[in-house]
1. For the range 132-184, name all the residues that are closer than 22 Å to Arg284 by Cα and of a type in the set (D, E, K, R).
2. Just to verify a result, which residue in the range 89-135, among those that are assigned to a helix (DSSP H, G or I) and of a type in the set (D, E, K, R), is farthest from Lys180 (Cα to Cα)?
3. Take the residues in the range 271-297 that are under 21 Å from Thr112 (Cβ atoms) and charged (D, E, K, R); name whichever of them is farthest from the chain's Cα centre (by Cα).
4. Would you tally the residues in the range 254-263 being closer than 17 Å to Tyr174 by Cα and buried (at least 16 other Cβ atoms within 10 Å of the Cβ)?
5. Within the range 206-226, is there a residue that is within 30 Å of Arg284 (Cα to Cα), of a type in the set (Phe, Trp, Tyr), surrounded by fewer than 21 Cβ atoms within 10 Å (Cβ to Cβ) and in contact (Cβ under 8 Å) with a residue 24 or more places away in the chain?
6. Applying the selection to the range 12-22, what residues are farther than 16 Å from Arg80 by Cα and in contact with a Leu (Cβ under 9 Å, 6 or more places away or on another chain)?
7. Wholly within the range 145-243, which strands (runs of 3 or more DSSP E) include no fewer than the required count, namely at least 1 residues that are within 14 Å of the chain's Cα centre (by Cα) and modelled with pLDDT of 95 or more?
8. Which one is farthest from Thr79 (Cα to Cα) among residues in the range 20-47 that are assigned to a loop (DSSP other than H, G, I, E, B) and at pLDDT 95 or above?
Amino acid sequence: MVEYLIDKGYQVTVLDNQKGLFYDYLLKKGANIILGSVTDRDTVKRSLEDVQGVFHLAAAFRQINASKKTYWDVNVEGTRILCEESLKKPLKKFVYCSTQGIHGNIENPPGTEDSPIVPVDYYQFTKYEGEKVVKEFAGKGLKSVIIRPTAIYGPGDPERFLYLFRFAKKGKFYMFGNGKAFYHPVYIDNLCDGFYAAWESNKANAGAYIIADEEYFTIKELVKKIGESMGIKIKFIHLPFLPLYAAACVFEFIYKPLKKSPPLFRRRVDWFRQNRAFKIDKARQELQYNPRIGIEEGLKRTAKWYKDNKYLQE
């Protein structure tokens, strides 16, 4: 998102808690990067100097053994601090990044922004509590929009989809369950378009919008397409899901006192069984959001980035 805005001619200030993968690259692009936390009010104040708007993407995420207090402090109280300080500024817009995960398993796909709120872990719970904070401050005059992205992928992500690419590259994929659960990706460029559409829109009362690609797929279809993006035909080996889930529970139990992330955990294995599929009609109609990059092109670009950056070594 930082590069996207810089390329549109904006001067961008970044507040990050550490030097990320693209720290040096973004500095060279002209970003002003402040290292700190959204939980520190003075740092937040400094990051908001002379800004027109805020894209709030900071979150405690993928920290399996982080305390609930960490998640609450960052995702809820950090959002509150940012809203309080943003309200003091003449901002054009405050865009908050939530997650489609707050809807949990979609019983009758595709879902919408009005689907039941049933977060399945504390991260998702705190992201929805963050939405409530944004709505609270919208009532006080903070012009805001809430974005709920689906499964983000694309160049620059060395985690979520990388695992799928690495398994697919072997030409053999262990499918736990029947592979018929739905999964809804969003390519990074499409997501950035969605954020920018929210920024440019006349919506300002903390309305929530699902931002996703045009299509969703069964997880088996998705893995096939990942293989095709690398010219590989996938052979699927079907295995029962429950033993995998039990193993994830055991790993979480063992690793918790070690303060380390387990190699397998329930949130990851739920990928094999949870339905995540949505309509994007609301974003189309109210934000004029229109995803430009389809799955074949998106996966092809992602595969190239992984190969160019040596994430898919032989």
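The values are calculated or read from the model by the stated rules, or taken from the named source; none is laboratory data. Note that the structure is predicted; figures quoted are calculated from it, not measured. Counting neighbours? That spans all protein chains shown, and the Cβs are built from the backbone with ideal geometry, glycine included.
1. Lys135, Lys143, Arg148 - these are the residues of the range 132-184 that are closer than 22 Å to Arg284 by Cα and of a type in the set (D, E, K, R).
2. Once the filter is applied, the top-ranked residue is Lys135.
3. Once the filter is applied, the top-ranked residue is Glu286.
4. Qualifying residue count, the range 254-263: 0.
5. Looking through the range 206-226, at least one residue is within 30 Å of Arg284 (Cα to Cα), of a type in the set (Phe, Trp, Tyr), surrounded by fewer than 21 Cβ atoms within 10 Å (Cβ to Cβ) and in contact (Cβ under 8 Å) with a residue 24 or more places away in the chain.
6. Residues satisfying the conditions are Val12, Thr13, Val14, Asp16, Asn17, Gln18, Lys19, Gly20.
7. Here the list reads 151-153, 185-187, 205-211.
8. The qualifying residue farthest from Thr79 (Cα to Cα) is Gly30.
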